[in-house]
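One structure below.
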Amino acid sequence: MVMTRNVVGAGYGFGDWFLQRITAIAMMVYVVVLALCLLLGPELSRESWHALMSGAFMRVLSVVFILSVAYHAWVGVRNIWMDYIKPVGLRIALHSVTALTLIACAGWATQILWRL
C-alpha cells in the first residue's frame, strides 16, 4: 500500500496549528494561576516558594507548562527550518539538534522544579 502525502490544500498542518494553540492556552493558564498564587499568597521567600511548588497540583501544572513550552517551541522552530532551510541534510541536522535541545531543556527544567 502506497500512501501519498498531500503537501498543499485544506487541512495540512491543522494538527500542529491546533496543538500549538492548546499549548498556548496551557501556558496562559499556568501564568495566571502562578500570578494569582504569588499575588494572593504570603510574602515571597524561599520557604513560601518551596511550599507553593511542592504541592502536587503545582508540580503537575508546572510539568504541563514545561512540556507545553517545549512543544510550542518545537512547532515554531521546525516550521522555520522547513520554510527557510532547503538542503535536506542540513534541515534534518537542525531538526535533530532542535529536538535534542528542547528535550534536554525540558528535562533540566523538570529536574530544577523537583529539586526544590
Point to revise | With all protein chains modelled, accessible area of MET28 [1.4 Å, Å²] | key: 110 Å²
Point to revise | Base-10 log of normalised Debye intensity for region 6-116 (one unit scatterer per alpha-carbon) at q = 0.21, 0.22 Å⁻¹ | key: -1.15, -1.21
**Study point:** the chain - charge dipole about Cα centre, Lys and Arg +1 at Cβ, Asp and Glu -1, debye rounded to 20
**Key:** 320 debye
Practice item. Roll a 1.4 angstrom probe over the protein heavy atoms and tell me the percent of accessible area of the chain that is carbon or sulfur. Key: 75 percent
Exercise for review: Have a look at ALA99, ILE85, TRP17 and report the one farthest towards the positive end of the charge dipole of the chain, computed about the Cα centre with Cβ charges (Lys/Arg +1, Asp/Glu -1).
Suggested key: ILE85
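The values are calculated or read from the model by the stated rules, or taken from the named source; none is laboratory data. Values in this document were obtained by computation on a predicted structure and should not be read as measured data. So basically every Cβ, Gly included, is an ideal-geometry build from the backbone, and we count neighbours across all protein chains shown. These accessible areas exclude ligands, DNA and RNA; they are computed on the full protein's heavy atoms, side chains included. Shrake-Rupley method; radii C 1.70, N 1.55, O 1.52, S 1.80 Å.
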